[in-house]
């Protein structure tokens, strides 16, 4: 059920992130996550337990798409390749956290421990700024500069970084990087096919069922 929920929200989450922002999408995904854990802690029947897993999957699908984008967009150029991997690293650390917690507690306390993490995220992430790239795409220059200034500190030249990022965005727009014609090229098609096959082997081997 969790994987079904992920599949239902991954594509819409990406589209909504460009409409209402990366930060808002991730904040809106927290309540279903917490509600899912609450139903897992106090399941009245099997159907509610399945529904709780669906809720958690719906939220997880948003984070799988948006979290790497947000991390890359707020980071400096020198560390972007490393920061983009952080969500995946913490995904596996979260699995390890659940296994360790479950080894020393019963299922109810395990669920309590897992429910705490999205609550902590909500209380801390609400103070973070929106992605400056989102503001740039919406032509909100002052908000983009303000976001960069908050992220980099007062000693950094946010206006200069804004100009650099905007230059990159304009170059991508002029080159039609996001056009569907690019996907029809042989190199792009081969990459998509290879990635799809690898993802299929990863998920159809049964490893996810064992982990979750």
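Cβ-to-Cβ counts within 10 Å put 39, 8 in ascending order as 8, 39, the fewest first. If the stretch 1-126 were replaced by its equivalent ellipsoid, with semi-axes equal to the square roots of 5 times the Cα gyration tensor eigenvalues, what would those be, largest first, whole Å? Those come to 26, 18, 12 Å. Summary of the geometry: the stretch 113-146 and the stretch 55-92, compared by the centres of their Cα atoms, lie 13 Å apart.
Computed from the coordinates by the stated procedures, all read-outs in this text should not be read as laboratory data. Predicted, not measured: the structure shown is a model, and the values here were computed from it. For neighbour counting, all protein chains shown are included, and Cβ atoms are generated from backbone atoms with ideal geometry for every residue, glycine included.
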